[in-house]
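Structure first, then comments.
The values are calculated or read from the model by the stated rules, or taken from the named source; none is laboratory data. Owing to the predicted nature of the structure, the values given are computational and were not obtained by experimental measurement. Cβ placement follows ideal geometry from the backbone for every residue including glycine, while neighbour counts extend to all protein chains displayed. Areas reflect the complete protein model, heavy atoms only, side chains present, ligands, DNA and RNA absent. Shrake-Rupley method; radii C 1.70, N 1.55, O 1.52, S 1.80 Å.
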Amino acid sequence: MTSKGVTLKGLFPFVTSTLVVFVILIPAPCSAIRVNCSQADQPVLLEALTPILNLSAIRPVMNMTTNTNVKISFTLYGILGVDEKAQLLTTYLWLHYWWINELVSWDPVECGTNKIVLPRDKFWIPDIVINEFMDENTAPTVPYLNLYSNGWTHDAYPAKVVSSCNLDIYNFPFDIQNCTLTFNSYIHIASDITVFLNKSMDQITEDSKNVMTTLGEWELLEITSTKHTLDFTNGVPIDELAFHIRVRRRATMYVVNLLIPSCFLITVDLFSFLLPPQTVDRSAFKMTLILGYTVFLLIMNDLLPTTGNTIPLINVFFSLCLALMVASLLETIFIANLLCGSANFSPVPHWIRVLFLQMLGCLVPLPQKVKDSDVKRSAVVAKREEPRVERGPLVEDKAVQELRSLGRDLQALRIQVDQQLGGTSSSEEWIQVGFAIDRLLFGFYILFISVSFITIIIIWVNSYKHTKMPTECSSLMMNCSQPDAPSLLQALKPVFKLRAIRPVRNITTITDVNISFILYGILGVDEKAQILTTLIWQTVSWTNEFILWDPEQCGTSSITVPRQLLWVPDVVINEFMEKNSAPFTPYTYVYYDGSIMDQLPVRVVSSCRLNIYMFPFDVQNCSLSFNSYVYLKSSIQIGLPGPAGEIFEMSKEFMTTMGEWELIGITVEKFVFDADHDDFYEELRFYVSLRRRATLYVVNLLIPSCFLITVDLFSFLLPPQAVDRSSFKMTLILGYTVFLLIMNDLLPVTGNTIPLMNVFLSLCLGLMVASLLETILITNLLCGSTHYSAVPHWIRVLVLHILGRLVRLPPKSRDLQDVTVIQNPSAHEMKVSSVGEKDSEAPEQKGPLNKDQALDELRSLGKELQGLRLQVEQHLGGSQSSEDWIQVGFIIDRLLFGLYVLFISVSFITIIIMWARTYDP
């Protein structure tokens, strides 16, 4: 490589001849080129402008140290849409740029006009870009611009701007978004191009509101601007003009279609507390209501925003509504269990009696009832069982004996009925505890609905109170001098002719190409196609050995020229899968020592091996491999201009997208690969580490799924002998499938691996189905076990003895006398009959005929009462075989309950651990 002090002597004859032409065309060195027209018509003016149009490759100033002032304004014609997940705002703008071409000046009278419209490609156009632009402009192209006699140039064209915007949808649908459109020159520094405001911001806002044709979801509030100078790289300033667009979402549709129906459904759940649980299956009603709520969310799912940055307040509201419905359902299951099974419970502990019956009972208000029925009943029973004192003959009347037998049977029958229907004092205390909890949750419901209504109204009202952002006054246009730029352009033309070859004098000289970039936006990840979409600001620098000039002689140390005039290294990204659709920037910086810096935005659609097994707690590592496509290591060597850590730090600073993905690291590694002909080629590989923000998926997927599986867990408390538990579980499974259908769009689609999330959801559904099948089995045992044969020995050993003790349900021991009575009712009847016959052998000994007839009637009535007692005992107790089968069912039920508790506990712990590990450095 030649040194910087070597001059290009071969270029001087060409430059000298070119300067002669410019001496003729430029009578005054410090003024614009005066265009003379032979007659006042347009063809003559175009012919006179031809020499100036040939200078379109350079910035139109006479002195390169003079900056070009570009005045900017626009009209917001339409707000086309907002993508909350990708953090993109789509607008339609009418852009207007004004600048002075110092090389142009003519007499309007002499040439017949003060303005001419010419094709844009004949002029130098400032490379003004919108930093937030994320896609190509698909608006209709306008090929012409206006050139005025005093040198002013007016460029106006439409632009469909897909720009990144940090959207805050926490207050959705009452949110106000503030998006920024930053205009600046992409390649020119502040000493070359300065941007200014062409019209006042009030005028821009008023014009935009007057011409805006889109009256959809978004309403334009105001447009403000700020101007500042940014130190981009190496302390080089870039002039920027930022427009802040404030738009407000029209919330009426969401209030009518989302909030009001949701409030209706939660109000229905509130009034469902008025249903008496002892006579109405309130649990089935609430389960159907939850199913209806999930169907409602499925219908309205398209109206809800999808984002991975923050959780909207409306999603929190829906989650709280669902949580309250689930809590009320669980509480209803608890009350149903108390109503049906509290007779078998132990007495209420003292602390529960104090907390619920005394404190909360008075708070709700539901004071503790004083109940003495059990005491009275016990007294009556005891009184009846007292031995009667003998008063009379030693041999009692047979009628009295029969009456006593009837009394004992009636007493036993009454005790069984009272135990079945009335319960003990302990049972009623447990039921009172359930009613206190029911009343307390009812109060929480009223408080939640009241606070929700007030909050919605306040947020809705505040959305119509917006504060204007402070604006900066635009600077006045600076007075410009006239530098000598055409001579430098003419001197560079021989270099432009050599753009087809690598810019080295000796073919064996290696060209060092430095590559860097700033990751400006993460636009999306396609798990199925294994594609990552990003927007980067790419910087490529190298040295052109054919270029060298004296900064003092030429008046500048750098110049910007169109990229198409220079040799550009064929650096490609190996993972690139589509063409670059980012805005085109045509210019490149050329320095006096031959250094060239080429910067351009690149919308990279790159392949990436995505591993979503840990979704939504996954961290992806994607690579961007830069290398020359044709040149080998003997021609081009690739390197970094600075430390790799600066790329990550600057990317974190400039990144505008705050969507689903978070940048956590950028590293770089250099590889050398074998090529043909005993040569090598180099590759500079950047590893981009991204972490998915999991909050959205935890709130919308994991927590509701855990809610529903918890409901299925608590459904085991429903007494299967009193409630149709199978119908309840079937409704729950239907609701869960509807929920999965709602959230199907949130789950990744891939053919590589199955995410752990999908396994979790499948296990939840599998457990629900297993519990439904087990409930069907229990119901069958309760209703039909009386017709079954005895329990097989292996089932008795495995289930009743081993599993029964494991789940703390050991086999029940039955009273032998009761078993004998129930199993041999006919023998009992025969015994009664024999006694009756024996007593009737000598009716004449005990009195007249009417007494014998009364005794016969009493004996007949006693037989009927004893038969009724035996039927009641058999119905309530059942046979030994039937109770064994029912005990088998209850053991299986409790075993599955334990598995449920274990599964939910392990799932919660696993989710917390995985979520915490994603944030470990």
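Label-to-label distance, THR226 versus SER346, with points set 7 angstrom from Cα along the beta-carbon direction: 6.7 nm. Candidates ALA190, VAL211, PRO261 compared by Cα position along the dipole of the range 181-267: farthest toward the positive end lies PRO261, with charges placed on Cβ. Only protein atoms count toward the accessible area here, which uses a 1.4 Å probe; on the range 169-264, the carbon and sulfur part of that area reaches 53 percent. Express in whole angstrom the spacing between the alpha-carbon centres of the range 118-147 and the range 684-747. So the two Cα centres are separated by 51 Å. So how far, in whole Å, is the C-alpha centre of the range 215-265 from the one of the range 36-86? A separation of 30 Å, based on Cα centres. A Förster radius of 30 Å, combined with the Cβ-Cβ distance separating ARG250 from VAL316, puts the computed FRET efficiency at roughly 0.90.
Could you work out how much longer the chain between ASN611 and VAL568 gets when fully extended? Use 0.36 nm per residue separation minus the Cα distance between them, nm to one decimal.
Numbers: separation 43, 0.36 × 43 = 15.48 nm, distance 3.64 nm.
Contour length minus the Cα-Cα distance gives 11.8 nm.
Consider a paramagnetic label point 7 Å from the Cα of TRP915 along Cα→Cβ; state which residues of the range 724-761 have an amide N under 20 Å from it. Only 740, 743-744, 746-748, 755-761 fall inside the zone, counting backbone N under 20 Å. Placing GLU669, GLU578, GLU552 in order of accessible area, with the largest value first and a 1.4 Å probe, yields GLU552, GLU578, GLU669.
Ignoring ligands, DNA and RNA, what accessible area per residue does the range 125-192 give at 1.4 Å, in Å²?
That works out to 31 Å² for each residue.
If you roll a 1.4 Å probe over the range 583-626 with all protein chains in place, what percent of the accessible area is carbon or sulfur?
Exposed carbon and sulfur together represent 55 percent of the surface.
FRET efficiency for the pair THR138 and ASP526, taken as 1/(1 + (r/R0)^6) with r the Cβ-Cβ distance and R0 = 22 Å, rounds to 0.60. Remark: the SER56-THR267 segment gains 68.8 nm on full extension, using 0.36 nm per residue and subtracting the alpha carbon distance. With a simple spin-label model that places each label point 7 Å from the Cα along the Cα-to-Cβ direction, the separation between ILE501 and ALA327 comes to 8.1 nm. Taking 7 Å steps out from each Cα toward its Cβ at TYR629 and GLU552 produces label points 4.5 nm apart.
Between LYS209 and TRP460, what FRET efficiency comes out of the Förster formula 1/(1 + (r/R0)^6) with R0 = 30 Å and r the beta carbon distance, rounded to 0.05? Each step should come with its number before you reach the end.
Working: r = 22 Å, r/R0 = 0.74.
For R0 = 30 Å, the calculated efficiency reads 0.85.
Comparing Cα centroids, the range 165-194 and the range 623-659 end up 25 angstrom apart. Short-range pairs are left out: with C-alpha atoms under 8 Å and at least six residues apart, the relative contact order of the range 672-812 is 21 percent. Extension gain for GLN358 to THR737 (0.36 nm times residue separation, less C-alpha to C-alpha distance): 132.2 nm. Over 19 Å between C-alpha atoms is what I'm after, so list which of LYS122/LYS227; LYS579/LYS652; LYS71/LYS199; LYS122/LYS199 land there. In this structure, LYS122/LYS227; LYS579/LYS652; LYS122/LYS199 exceed 19 Å between Cα atoms. Computed over protein heavy atoms with a 1.4 Å probe, the carbon and sulfur contribution to the accessible area of the range 33-129 reaches 51%. Calculated accessible area for the range 643-740 comes out at 39 Å² per residue, all protein chains present (probe 1.4 Å; ligands, DNA, RNA ignored).
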